[in-house]
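What follows is a single structure, written as structure tokens, with notes after it.
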Amino acid sequence: MCGIVGYIGNREAYPILMKGLQRLEYRGYDSAGVAMINAAGAMNVFKKKGKVSDLADFAKGQDITGNIGIGHTRWATHGEPNDVNSHPHYSQSGDLVMIHNGIIENYAAIKEGLTKRGHTFQSQTDTEVLIHLIEDIKKSENMKTGHAVLVALNQIIGAYALVVLDKNDPNTLIAAKKGSPMVIGIGEDEFFIASDASPIVEYTKNVVYLNDEQVAIIRRGEEVKLRTIKDKEIPLYVQELEMELEAIEKGGYEHFMLKEIYEQPRSVKDSMRGRLNAEKGIVQLGGIVDHIAKFKNAKRIIIIACGTSWHAGLVAEYLFEEYARIPVEVEYASEFRYRNPIIYPDDIVIAISQSGETADTLAAIELAKSKGATIIGVCNVVGSSIPRASHAGSYTHAGPEIGVASTKAFTAQVVVLTLMALQVAKEKGTMAESKFRQLLYELESIPTKIEDVLKQNDLIKHIADIYKNAENALYLGRGFTFPVALEGALKLKEISYIHAEGYPAAEMKHGPIALIDEAMPVFVIATKGPNYEKVVSNIQEVKARKGKIIAVVTSGDKDVKGMADHVIEIPETDESLVPLIAVVPLQLLSYHVAVMRGCNVDQPRNLAKSVTVE
Ligand code: F6R
């Protein structure tokens, strides 16, 4: 939530900041702002409600010069999205400005104290309170800005990734982080700061990931200095970025979401690469090898995640129970952390997250860790907070996911969790060798099968056109495809704003059936498998009430074809791997419906890619 960028060097900062903000816009997009110090030492701040493009229009013709600056794209927490609440925020004198991602929980008490000391505030934000506090400390203690930042950060409770710019020191940027991500790019006589590496990759591959409670003093012409907020010096650890520029560009697609849907044959393959060899009968996730005995002896696995990642967790529940015979509980991280959950030291907790930054999932990890459980992270963003907070884990290798609606991250998560369950099953001896081998071969064929589904785009678009004006939709699945129904419904509602619900098919008769009439599209995953006949009966129940059936069926299916209004055929595979294929037409369908309804597919309203607030 919120994207931050900073630049100091010899080039003009503004174009770098604006390009960076566009790349980070997926993190928040209700307002944006920049601040630069020009050659004459004047600080120019421009901020605007709306998109980065609105900011660009607003700044046109104004003094946007300077080779030091900061920029921010916001997802509102404190204070509605408007020009005043946009970042950067000013200190009392106006000499300091700051951009911030996160939440200062004790801002109200600090604000009260500062108000008594004569401070006045323009905005409703917690950020403004913090920059006032920094200046207050700087002045009253006669400190340099960097030192005042350290002192102030010891007084606040909450999360932050922030950058401070001081009008009276045009050669320095001060950055700090706790709970929200921050990367510093190190170029030739220039430095970049950003919430993730996407604004940096074009300029340098040398990066430093800031850890929690660290402050970076970035001075022109000097090496970056790192300190903890307790004022302890930290050596600089420069890493090489693995990201490629093409991975974060649209590459000819109209939207990132469409590109990411189409990337799935590759991202699924990448998530299996080096981990699966069907011919040799090998599945090995290097990240869990050292913990395999714990898996083997675990009486239970708890999965924690949010949103789409939680749906991947539900698929994993079926996988681990079926393959490895370990009981699994799948928990919303936000519920888990605020209950008083029973956690045993021999529990394995699998935390699933695309971004690796989701605040609730992180907090749930810390809770489980404090009770002695082993934490296994399944994340996509390398170096993010969740993998760092986990004891071990496996990355998903889906590549950067920029569209706010998760697509390729979901299939990559399911692939990694499938490999994990198979590895544990092999170790525990809970699966016949012949079945194990068959599943490995099936897994290897999934990318090609996804390609086959993608070839049906025109049919899916045609179906989208028929139902684009629906007000409600129901998604049904059973067994392994129940989580796919939930995911299909989430995709539709989040990007097209059509109310949609996912249900286990058999539960329909316990309530949702009352909603069915001729205006209700019902998307049913009715692939061949042990539940097929039962799902066919559910379809008949919908048809008897004049509901419209759009069924995802196994290639060659005849029975459902005879009763459904539309069918989308997907290649046959093992029942446990169907989610990897069946979700793809539902992703495409939501995409087309949203485009046809004129929605902003990559940046749906009120959402942000990385939910770093609880
Ligand atoms: C939906 C979506 C969200 C995320 C959720 C968790 O398309 O993207 O529901 O899945 O916010 O995010 P991560 O996986 O980053 O923890």
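The table for this structure:
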| item | result |
| --- | --- |
| Qualifying position, being within 16 Å of the ligand (Cβ to nearest atom) and open to solvent by less than 10 Å² (accessible area, probe 1.4 Å), among 525, 568, 498 | 498 |
| Any hit, region 334-357, residues being assigned to a loop (DSSP other than H, G, I, E, B), within 16 Å of the ligand (Cβ to nearest atom) and polar (S, T, N, Q) | yes |
| Restricting region 89-110 to residues that are free of Cβ contacts under 8 Å to residues at least 60 places away in the same chain and not in a loop (DSSP other than H, G, I, E, B), the residue that is farthest from residue 358 (Cα to Cα) | 90 |
| Failed item, numbered, when residue 402 is tested on (1) at pLDDT below 95; (2) within 13 Å of the ligand (Cβ to nearest atom); (3) part of a helix (DSSP H, G or I) | (3) |
| Residue check, residue 555 under 22 Å from the mean Cα position of the chain (by Cα), outside the structural domain of residue 50 (by TED's automatic domain parsing) and among the hydroxyl-bearing types (Ser, Thr, Tyr) | no |
| Answer residue from region 48-71, given it is assigned to a strand (DSSP E or B) and among the charged types (D, E, K, R) and is farthest from residue 191 (Cα to Cα) among those | 49 |
| Region 508-562: number of residues that are farther than 20 Å from residue 456 by Cα and assigned to a helix (DSSP H, G or I) | 21 |
| Whichever residue in region 52-64 is in contact with a strand residue (DSSP E or B) (Cβ under 7 Å, 6 or more places away or on another chain) and open to solvent by 30 Å² or more (accessible area, probe 1.4 Å) and, among such residues, is nearest to residue 219 (Cα to Cα) | 64 |
| Residue match in region 175-185 (condition: among the polar types (S, T, N, Q) and either in contact with a helix residue (DSSP H, G or I) (Cβ under 8 Å, 6 or more places away or on another chain) or open to solvent by 30 Å² or more (accessible area, probe 1.4 Å) (or both)) | no |
| Residue under evaluation residue 106, criteria (1) surrounded by fewer than 21 Cβ atoms within 10 Å (Cβ to Cβ); (2) within 21 Å of residue 24 (Cβ to Cβ); (3) not β-branched (Val, Ile, Thr), criterion not met | (2) |
| Any hit, region 580-599, residues being modelled with pLDDT of 95 or more, more than 18 Å from residue 258 (Cα to Cα) and buried (at least 20 other Cβ atoms within 10 Å of the Cβ) | no |
| Check on residue 116, among the basic types (Lys, Arg) and either in contact (Cβ under 8 Å) with a residue 12 or more places away in the chain or under 30 Å from residue 190 (Cα atoms) (or both) | no |
| Residues within region 605-614 that are within 11 Å of the ligand (Cβ to nearest atom) and either of a type in the set (S, T, N, Q) or in the same structural domain as residue 493 (by TED's automatic domain parsing) (or both), tallied | 2 |
| Residue in region 581-604 that is more than 30 Å from residue 22 (Cα to Cα) and more than 16 Å from the ligand (Cβ to nearest atom) present | yes |
| Candidates 440, 419, filtered to the one that is assigned by TED's automatic domain parsing to the domain that holds residue 313, assigned to a helix (DSSP H, G or I) and touching a Gly at 6+ places or on another chain (Cβ under 8 Å) | 440 |
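The rows are residues; the columns are (1) under 12 Å from the mean Cα position of the chain (by Cα); (2) open to solvent by 10 Å² or more (accessible area, probe 1.4 Å).
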{"site": "360", "(1), (2)": "no, yes"}
{"site": "368", "(1), (2)": "no, no"}
{"site": "380", "(1), (2)": "yes, yes"}
{"site": "408", "(1), (2)": "yes, no"}
{"site": "411", "(1), (2)": "no, no"}
{"site": "435", "(1), (2)": "no, yes"}
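The values are calculated or read from the model by the stated rules, or taken from the named source; none is laboratory data. Since the model is a prediction, treat every value here as computed from it, not as a measurement. Heads up, the Cβs are rebuilt from the backbone with ideal geometry, glycines too, and the neighbour counts pull from every protein chain shown. Just so you know, the surface numbers come from the protein's heavy atoms only, side chains and all, with ligands and any DNA or RNA stripped out. Shrake-Rupley method; radii C 1.70, N 1.55, O 1.52, S 1.80 Å.
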